[in-house]
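A.B. asks: Handing you a structure now.
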Amino acid sequence: QVQLVESGGGLVQAGGSLRLSCAASLRSFSNYFMGWFRQAPGKEREFVAGISWSGGTYYADSAKGRFTISRDNAKNTVYLQMNPLKPEDTAVYSCAARSGYYRPKWDEYAYWGQGTQVTVSS
């Protein structure tokens, strides 16, 4: 059974930082493209960042220069370092996995975690 489990969310002041983790019980984890998505209340789910098996990274414009995605294939874990955070980053953040290459659309990912709440106060 595939499981993706996020952790690291919380409440932080604007300008602060958080590091999200996603532990995956995927066989051959290193073969998967991993993505982070977020969904704020009343808004559509949006792509934040993604990383290929070889470490190639992709970012939404809103995340460039502030967020860093990384992965540890030995630990079956992907990370999202976020700083400085802004109030508009407030959302539920979810990690997702897909076999193959980069895709920014959430409906092209086969496996999802339950999400972790990130709240940034002004």
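The values are calculated or read from the model by the stated rules, or taken from the named source; none is laboratory data. The structure displayed is predicted, hence computed values, not measured ones. Quick reminder, even Gly has a Cβ in these numbers, built from the backbone with ideal geometry, and neighbours come from all protein chains shown. Areas reflect the complete protein model, heavy atoms only, side chains present, ligands, DNA and RNA absent. Shrake-Rupley method; radii C 1.70, N 1.55, O 1.52, S 1.80 Å.
A.B. asks: Among THR77, THR116, THR68, which is the only one that is without any contact (Cβ under 8 Å) to a residue 60 or more places away in the chain, out of contact with any Pro (no Cβ under 7 Å at 6 or more places or on another chain) and closer than 19 Å to GLY16 by Cβ?
C.D. replies: THR68
A.B. asks: When the residues of segment 98-122 are filtered to those that are assigned to a strand (DSSP E or B) and open to solvent by 30 Å² or more (accessible area, probe 1.4 Å), which remaining residue is farthest from LEU26 (Cα to Cα)? So that I can check it myself, show each step before the final result.
C.D. replies: Here is the first cut: in segment 98-122, the residues assigned to a strand (DSSP E or B) are 98-99, 111-112, 116-121.
Those left that are additionally open to solvent by 30 Å² or more (accessible area, probe 1.4 Å): 98-99, 111-112, 117, 119, 121.
On the way: ARG98: 11, SER99: 11, TYR111: 9, TRP112: 11, GLN117: 23, THR119: 29, SER121: 35 Å.
Restricting to residues being assigned to a strand (DSSP E or B) and open to solvent by 30 Å² or more (accessible area, probe 1.4 Å), the top hit is SER121.
A.B. asks: ARG27 - would you say it is basic (Lys, Arg) and within 14 Å of the chain's Cα centre (by Cα)?
C.D. replies: No: the conditions fail for ARG27.
A.B. asks: Turning to a different aspect of this structure: State which residue pairs qualify: first residue farther than 18 Å from ASN73 by Cβ and inside segment 13-24, second residue small (Gly, Ala, Ser) and not in a loop (DSSP other than H, G, I, E, B) in any location, beta carbons under 8 Å apart, and separation of 6 or more residues or different chains.
C.D. replies: Within 8 Å, the pairs are GLN13/SER121; ALA14/SER121; LEU18/GLY10.
A.B. asks: Being without any contact (Cβ under 8 Å) to a residue 24 or more places away in the chain and aliphatic (A, V, I, L, M), is that true of even one residue in segment 38-49?
C.D. replies: no
A.B. asks: Related question: Anything in segment 70-91 that is of a type in the set (A, V, I, L, M, F, W, C), over 18 Å from GLY15 (Cβ atoms) and more than 10 Å from the chain's Cα centre (by Cα)? List them, or say none.
C.D. replies: The answer is ALA74, and nothing else.
A.B. asks: In the set ALA63, ALA23, ALA74, ALA49, which member is surrounded by 12 or more Cβ atoms within 10 Å (Cβ to Cβ) and not in a strand (DSSP E or B)?
C.D. replies: ALA63
A.B. asks: Same structure again: Return only the number of the condition from (1) open to solvent by 40 Å² or more (accessible area, probe 1.4 Å); (2) modelled with pLDDT under 95; (3) in a loop (DSSP other than H, G, I, E, B) that SER30 does not satisfy.
C.D. replies: Going through (1) open to solvent by 40 Å² or more (accessible area, probe 1.4 Å); (2) modelled with pLDDT under 95; (3) in a loop (DSSP other than H, G, I, E, B) one by one, SER30 breaks only (3).
A.B. asks: Of the residues that sit in segment 77-97 and are assigned to a strand (DSSP E or B) and either farther than 20 Å from GLY55 by Cα or touching a Cys at 6+ places or on another chain (Cβ under 7 Å) (or both), which one is most open to solvent (accessible area, probe 1.4 Å)?
C.D. replies: So, considering only residues that are assigned to a strand (DSSP E or B) and either farther than 20 Å from GLY55 by Cα or touching a Cys at 6+ places or on another chain (Cβ under 7 Å) (or both), the one most open to solvent (accessible area, probe 1.4 Å) is VAL92.
A.B. asks: If a residue has to be modelled with pLDDT under 95 and not β-branched (Val, Ile, Thr) to count, how many in segment 1-24 make the cut?
C.D. replies: 2
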